[in-house]
Amino acid sequence: MMQALRAAPAPAGSQKPAFFFFGRFFTGWLLFLTLAGQAQNRIGRDVDTAYVQIFRGKLTARTFLSQKYTSFVLSTPLKQSPSLRFRPNSALDLGIGATFGALTLNLSYGLSFLNQNNGKGKTRDIDLQTHVYMRKWVVDGFGQFYSGYFLAPRGKASSDPDRYYQRPDLGVRMVGGSLWRVLNFRRFSFRAALVQNERQKQSAGSWLMGFQLYYGVMQGDSALVPGVFQAAFPDDEVRRMRFIKVGPCAGYAYTYVFRERWFATGSLTANLNATFSKETFEAGKLTAGNVRPDFLFRAVAGYNSNQWCVTLGWVNGSVAVRSPVYRYTIHTGNYRFTVARRFKANSRMRKMVPETIKIL
């Protein structure tokens with residue numbers, strides 16, 4: 001079948017029209033973001049205090065429980081076959097942190113009594129997720145390096161129905177991020193829900209615009225599909241897949257406030273990405289290109305008063321890659337339970353740290 005998959009080499013310069021189109025498109029999109037930001041600046045530089053309360057001169061200290069993950073789903077459009085859901089044995093971390101003005105620092109560590117193997121095997125990972133919430137901008141950054149997965153649910157592809165099928169050789173590496181413009185920054189605050197140094201006093205929402213860029217690799221020492229399922233998948237056993245995704249994105253965020261202190265915040269953004277992938281099989285390689293949508297959502301609920309803030313949140317992003325043979329969906333996210341307390345900062349700290357980072 002690989003003979004059918006090998007495409008003839010493309011003539012030199014045949015990719016130029018596509019890259020030219022996307023280059024012009026992104027230039028226009030960045031110009032649109034800049035003009036939108038300037039329009040918002042003309043409306044007003046300050047927040048509407050009837051909607052958002054800023055705790056100026058206050059240090060926000062927090063403790064939290066957090067679990068990050070990078071899982072993926074493998075399937076094929078060529079046959080009626082089950083979806084294979086590979087998950088890492090992610091650690092549950094206990095952390096502390098603080099926010100003052102534009103500066104936030106969080107430190108966490110996986111405690112052994114919070115993390116049990118439970119027959120899922122060992123996952124070695126470096127998970128560098130960062131979400132920076134400024135007044136007008138949101139920056140999401142990802143640097144994930146995972147090795148060691150198990151197949152869910154228990155017993156799937158395993159000779160023992162009470163054991164998980166483990167793949168210690170299976171690895172996922174992904175780097176990238178996204179940049180978002182918050183259009184209604186005067187009345188809507190991401191920081192109230194996710195940084196805890198502000199408070200949303202009335203319900204409000206905002207449209208979001210931006211773009212993202214990702215590069216990733218998924219590979220194993222042998223075929224990604226377990227042997228017991230190989231008959232249900234194409235004869236060409238994929239061993240490695242690389243991809244790059246770039247494109248614009250847009251979405252909406254909203255916070256519902258009940259009696260000024262209870263709140264629920266949710267946001268959903270869609271990304272329309274140009275996706276280029278290369279799969280490696282035992283018999284050869286296959287390259288593909290298409291336009292695929294990706295999604296990122298945030299959900300946070302909790303209690304927020306003048307001194308205390310307690311939140312339960314979930315951030316999850318999906319990255320989809322499609323080829324003529326296989327379909328891949330990588331899910332990246334973070335669960336977090338946070339308890340935060342605000343304290344009055346001394347004058348030296350108030351002079352040293354800026355209130356916010358200003359971009360445009």
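The values are calculated or read from the model by the stated rules, or taken from the named source; none is laboratory data. Bear in mind that the values here come from a model prediction, so they are computed numbers and not experimental data. Cβ atoms come from the backbone with ideal geometry, glycine included; neighbour counts cover every protein chain shown.
Can you tell me which residue among A264, A340, A250 is of a type in the set (G, A, S) and buried (at least 17 other Cβ atoms within 10 Å of the Cβ)?
One residue alone meets the criteria, A340.
Quick test for you: out of A270, A264, A192, A250, pick the one residue that is outside any strand (DSSP E or B), closer than 27 Å to K136 by Cβ and at pLDDT 90 or above.
A192 is the lone residue from the list that is outside any strand (DSSP E or B), closer than 27 Å to K136 by Cβ and at pLDDT 90 or above.
Only one of R163, R186, R173, R167 is within 24 Å of L74 (Cβ to Cβ), of a type in the set (K, R) and in contact (Cβ under 8 Å) with a residue 60 or more places away in the chain. Can you tell me which?
Sole residue among the options that is within 24 Å of L74 (Cβ to Cβ), of a type in the set (K, R) and in contact (Cβ under 8 Å) with a residue 60 or more places away in the chain: R167.
For segment 224-236, which residues satisfy the criterion of being assigned to a loop (DSSP other than H, G, I, E, B) and surrounded by fewer than 16 Cβ atoms within 10 Å (Cβ to Cβ)?
D235
Of the conditions (1) β-branched (V, I, T); (2) closer than 20 Å to G313 by Cα; (3) out of contact with any His (no Cβ under 9 Å at 6 or more places or on another chain), V138 satisfies every one except a single condition; which number is it?
(3)
Under the condition of being among the hydrophobic types (A, V, I, L, M, F, W, C) and more than 24 Å from the chain's Cα centre (by Cα), which residue from segment 268-298 is farthest from T130 (Cα to Cα)?
The residue in question is A283.
Which one is farthest from R167 (Cα to Cα), of the residues in segment 206-218 that are touching a Leu at 6+ places or on another chain (Cβ under 9 Å) and crowded, with 17+ Cβ neighbours inside 10 Å?
S206
Looking at segment 299-315 only, could you name the residues that are at pLDDT below 95 and within 21 Å of the chain's Cα centre (by Cα)?
Hit for segment 299-315 is V315, nothing else.
Applying the selection to segment 270-298, what residues are of a type outside the set (K, R) and under 19 Å from G210 (Cα atoms)?
A270, N271, L272, N273, A274, T275, V291, P293, D294, F295, L296, F297
In segment 298-334, which residues are of a type in the set (F, W, Y), surrounded by 17 or more Cβ atoms within 10 Å (Cβ to Cβ) and assigned to a strand (DSSP E or B)?
Within segment 298-334, just Y328 meets the criteria.
Hey, can you tell me all the residues within segment 40-70 that are crowded, with 18+ Cβ neighbours inside 10 Å, at pLDDT 95 or above and within 27 Å of the chain's Cα centre (by Cα)?
Selection gives V52, R62, F64.
If you scan segment 82-92, which residues turn out to be touching a strand residue (DSSP E or B) at 6+ places or on another chain (Cβ under 6 Å) and modelled with pLDDT of 90 or more?
If the condition is that a residue be touching a strand residue (DSSP E or B) at 6+ places or on another chain (Cβ under 6 Å) and modelled with pLDDT of 90 or more, then S83, L84, R85, F86, R87, P88 are the ones that fit.
Part of a strand (DSSP E or B), farther than 22 Å from A192 by Cα and touching a residue at least 24 places away in the same chain (Cβ under 8 Å), is that true of G143?
The answer is yes for G143.
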